[in-house]
Amino acid sequence: MDLNLISDEQFQKRLLDIFKKEAIGHVNSLIDGIIEIERRGISADNTAIIDRLFRNAHSLKGSSRTVNILSIEGICQVLEEIFYDIKKGKLTITEPLLNSLNKAIKIIERIIDNPTQKIDYENAIKQLKDMQIGGNEAVTDEDMSPFITDVSESIEKEFTDDTYDFVKVQTGALDSLLSKIEETVAFKGFVNDNKQRIASVMQK
């Protein structure tokens, strides 16, 4: 399809459709991560899970900003801060915190389903912020950059290490993972190929 031949309204719909597919993948990963922490126990070493949750929140924040869904961007910003604080030992995982995270993720799901509906997402953000120890100041991108670098380096090492562990994976689970990767790549590719028009449409 030649996107130059379609209207701005059709273009925006196409952009949102691609965003939704990627966003649903990130949300499902967030849900799975919280469930895994609940299963393992809040006192267990959940560092690897927190790393994954942080990456999902970070990616979802960026893609929601691209399509100008500020509500999801705002929630994901606080999710990032919380996962960062947990990673750095500034915040302890508790049952009330997990409940607040679940509520916030459910709100994100509702917004993805219908981005134009009015949802009290600001209250969810307030609840999450209240969970942060001692009223921590907002974490800046500069504060989190070492964390993002650490995560990136761990991924790189995982795929470049000379020692490999082989595991059996069910075909269905592998297909699901590959599908999520394809959705993420598709969205990023679409954005890179259409940066100028996306900027123009989103400003209207």
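The values are calculated or read from the model by the stated rules, or taken from the named source; none is laboratory data. The shown structure was predicted, so the numbers you read here are calculated from the model rather than taken from an experiment. No Cβ is skipped: glycine too gets one built from the backbone with ideal geometry, and neighbour counts run over all protein chains shown. Surface accessibility is based on the protein's heavy atoms, side chains included, excluding ligands, DNA and RNA. Shrake-Rupley method; radii C 1.70, N 1.55, O 1.52, S 1.80 Å.
Can you find a residue that is touching a helix residue (DSSP H, G or I) at 6+ places or on another chain (Cβ under 8 Å), under 16 Å from Leu128 (Cβ atoms) and basic (Lys, Arg) anywhere in segment 88-95? Looking through segment 88-95, at least one residue is touching a helix residue (DSSP H, G or I) at 6+ places or on another chain (Cβ under 8 Å), under 16 Å from Leu128 (Cβ atoms) and basic (Lys, Arg). From the set of residues in segment 13-57 that are hydrophobic (A, V, I, L, M, F, W, C) and free of Cβ contacts under 8 Å to residues at least 12 places away in the same chain, which is most open to solvent (accessible area, probe 1.4 Å)? Only one residue fits best here, namely Ile35. Of Ile119, Ile105, Ile112, which residue is touching a residue at least 40 places away in the same chain (Cβ under 8 Å), crowded, with 19+ Cβ neighbours inside 10 Å and closer than 30 Å to Gln10 by Cβ? None of the other options fit; the residue is Ile112.
Give the residues of segment 66-93 that are closer than 20 Å to Lys126 by Cα and open to solvent by 10 Å² or more (accessible area, probe 1.4 Å), sorted by residue number. Within segment 66-93, Ile69, Leu70, Ser71, Glu73, Gly74, Gln77, Tyr84, Ile86, Lys90, Leu91, Thr92, Ile93 meet the criteria. State all residues of segment 54-76 that are among the polar types (S, T, N, Q) and either modelled with pLDDT under 90 or closer than 21 Å to Gln117 by Cβ (or both); if no residue qualifies, say none. Within segment 54-76, Ser63, Ser64, Thr66, Asn68, Ser71 meet the criteria. Against the conditions (1) open to solvent by 70 Å² or more (accessible area, probe 1.4 Å); (2) within 16 Å of the chain's Cα centre (by Cα); (3) in contact (Cβ under 8 Å) with a residue 24 or more places away in the chain, Lys129 satisfies every one except (2).
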